[in-house]
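Everything below concerns the one structure shown next.
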Amino acid sequence: MTGMVALYIFMLAAFTGYEVIARVPVILHTPLMSGSNFVHGIVLVGAMVALGGAQTPLEKAIGFVGVLLAAGNAVGGYVVTERMLEMFKASGTRRVGKGPH
Amino acid sequence: MPAWMSADLAIQASYFVTAVLFIMGLKRMSSPVTARSGILWAGAGMAVATAITFLYPSMTNYGLIVPAMLIGSVLAWWSGKRVAMTNMPQMIALYNGMGGGAAAAIAAVELYRGGTAGYVTTTLAVAGGIIGAVSFSGSAVAFGKLQGLITRSLRFGGQQLLNLLLLAAALTLGALVAAGVNSSFAVLTGFFVVALVLGISMTLPIGGADMPVVISLYNALTGLAVGLEGFVLENAAMIIAGTVVGSAGTLLTQLMARAMNRSLGNVLFSGFGDTGGPATGAVTGSLKPIEASDVGVMLAFAQKVIVVPGYGMAVAQAQHKIWELCQLLIERGVQLRFAIHPVAGRMPGHMNVLLAEAGVPYDLISDLDEINAEFETADVALIIGANDVVNPVARTDKSSPIYGMPILNADKAKNVIVIKRGQGAGFSGIENALFYLDNTRMLYGDAQKAGAELIQAIKAVG
């Protein structure tokens, strides 16, 4: 990947992130922060590659911690975001069974 | 053609699919109707990318990768499933910090290994390393504060100077590495240690009320760090996902800071946030208590009621009781809405999550801009555990720390009922002028107990 192409990708991705979020209602701010938190859990693939190329015990130890933390970011981010969004319901589709009814 | 070339094509194609799924998932998460499917799309993207990465050429250490993934996943799954909705903000901080730590770990492995070729790549690795490390230790402090593990905000003279010195030291060491002058073990280790200390010392003085903005900022920083390390590893999925989160998170941070009437610089470099300003003498009048039975009658015969929930309601776990009360009123034909201030709860949107947990449909919930004009025609504004967000002092008293913050105009309602535990001031320690108005009555007690009493009172009306 040449430097200029990388720079273009960076620029376009930055605008994409801005545009995707720009019109979000406040009611979704917390789940969305959690959702974007999950998305940067993609660091897991990088941590896997880094540990996959580690050679000395020090590199392996740091790489191990990296993969562990990254997996926590991805899985934890997914679980809490899914739990929050699962609860958002409109009047017509009220949950049966749970809650005071 | 060697076998890894086709694997490489499969990897690149999968990362492309992942990037598309992430962006579409985030897009779907920005509307309540499609939000649920958004996280599923993004989750599918993550699964694809993770699975294909096992095919990376010349990967070793599978015996370490798999256990590390399992331990991290199981711990996060277990904690994510059982965390209470009220504790969600600090949990997001924790998971976010883990991502930052992972980005810093990637930088560390690559730099110790000497795996970064050229000034540009090394500089990017160093930049991602410092940002990731600050986000890691800073988020850990934010978690500790909101979880109540760290109760004091450590402040001392010359603190800003110390932080500047730490930043300068980290940048100097980083520059030595990036310029190829000295990337010895000692310099690299010093660089990461100083960056970690900087994250801690930056976050310690920030008060609890400002923490959501800080968490959001660290979320954006982690995204940026991930994007930078993506350039180092030439991993397109990381570059795109990290950068998208970096810019989206920056915007989200600005929106939050604006909703709290603070600038980002103000949050990071001033002490306000849990100390509260000096009590101003502008508040006059007396607090007028009322009985639950009287409030019950008032609510039962009202035409329009606006409920203003605050964090106090969530702390009392009263959202279920309050929703039960509201359903009773709706059945009686009362026009009922929930008014949510942008910073109600511990984080913008947090209160919506807590109400959703109780089963309140989101179309009954209005934000500040939608509802503020309606208070004038409301018979009752029912304030439950909210304080600063309805304090009219924000409109009038220039000396107040919350002056200029947009508030819910609850004081314009014909009657104001405040359910409150005691006579203390709010989260920020500022006296609330609303409580002393002529049309305000105080219903003292725990929100859950008060809710139950109101339900009884309304049923008694028949």
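Please work out how much length the chain gains when fully extended from B:V193 to B:A10, using 0.36 nm per residue of separation minus the C-alpha to C-alpha distance, in nm with one decimal.
62.1 nm
Within 10 Å of each Cβ in peptide B:247-255, how many partner chain Cβ atoms are there on average? Round it to a whole number, please.
Mean number of neighbouring Cβ atoms from other chains: 6.
What stretch of chain B, leaving out the sites themselves, is the longest with no trypsin sites (Lys or Arg not before Pro) in a DSSP loop having at most 15 other Cβ atoms within 10 Å?
Answer - B:156-331.
Report the local net charge at B:A457: Lys and Arg +1, Asp and Glu -1, summed over other residues whose C-beta lies under 11 Å from its C-beta.
Once all neighbours under 11 Å are counted, the net charge is -2.
In deg cm²/dmol, rounded to 500, what helix-only [θ] at 222 nm does the protein assembly as shown give when every DSSP H run of at least 4 residues adds -39500 (n - 2.57) and the total is split over its residues?
Result for the protein assembly as shown, helices only: -20000 deg cm²/dmol.
For B:M59, B:M351, B:M202, what's the fewest-to-most ordering of other Cβ within 10 Å of each Cβ?
Ranking B:M59, B:M351, B:M202 by Cβ neighbours within 10 Å, fewest first, gives B:M59, B:M202, B:M351.
May I have the extent of the alpha carbons of the protein assembly as shown along their three principal axes, as whole Å values ordered from largest to smallest?
Ordered largest first, the protein assembly as shown gives principal extents of 83, 54, 36 Å.
If R0 is 45 Å, what FRET efficiency do you get for A:Y18 and B:L165 from their C-beta distance, rounded to 0.05?
0.85
So if I restrict to the alpha-carbon atoms in the range B:200-262, what is the Rg, and what is Dmax, the biggest pairwise distance, in Å?
13.4, 40
Excluding residues on the same chain fewer than 8 positions from B:K420, give the lysines whose Cα lies under 16 Å from its Cα.
B:K288, B:K321, B:K449
Setting aside same-chain residues fewer than 8 positions from B:K459, which aspartates and glutamates have a Cα under 13 Å from its Cα?
In chain and number order, the partners are B:D294, B:E324, B:E331.
Determine the shielding of peptide B:28-41 by partner chains: average, over its residues, the number of Cβ atoms on other chains within 10 angstrom of each Cβ.
Rounded to a whole number, the mean comes out at 6.
Cross-link partners among aspartates and glutamates for B:K412, C-alpha distance below 19 Å, same-chain residues fewer than 8 apart left out?
Of all the aspartates and glutamates, those that pass the test against B:K412 - Cα under 19 Å, at least 8 places apart if same chain - are B:D367, B:D369, B:E370, B:E374, B:E376, B:D379, B:D388, B:D397, B:E431, B:D438.
Using the Cβ atoms and a cut-off under 10 Å, what net charge is assigned to the surroundings of B:Q90, where Lys and Arg are +1 and Asp and Glu are -1?
Summing Lys and Arg as +1 and Asp and Glu as -1 gives +2.
Taking only Cα atoms, what is the 0 to 90° angle, nearest 10, from helix B:119-146's long axis to the longest principal axis of chain B?
So the helix axis and the longest Cα principal axis differ by about 30 degrees.
Pull up all non-local amide H partners of B:N415: gap of 5 or more, or a different chain, and H-to-H distance under 5 Å with H placed in the peptide plane.
Result for B:N415 returns B:V380, B:A381.
Counting only other chains, and only Cβ atoms inside 10 Å, what mean value do you get across the residues of B:107-119?
Mean inter-chain Cβ contacts per residue within 10 Å come to 5.
Around B:G128, under 10 Å between beta carbons, what's the net of Lys plus Arg minus Asp minus Glu among the other residues?
That works out to -2.
Arranged by the count of other C-beta atoms within 10 angstrom, fewest first, what order do A:I42, B:I365, B:I340 take?
B:I365, B:I340, A:I42
What do you get for the angle between helix B:319-331 and the principal long axis of chain B? Use alpha-carbon atoms, 0 to 90 degrees, nearest ten.
50 degrees
So what are the ³J(HN,Hα) numbers for the range A:53-63, from phi and the Karplus equation (6.51, -1.76, 1.60; θ = phi - 60°), rounded to whole Hz, Gly and Pro as x?
Per-residue couplings from phi come out as x, 6, 10, 6, x, 4, 4, 5, 5, 5, x Hz.
Throughout, read-outs are computed from the coordinates displayed, never taken from laboratory work. Because the structure is a prediction, the values reported are computed rather than measured. Cβ: placed from backbone, ideal geometry, glycine included. Neighbour counts: every protein chain shown.
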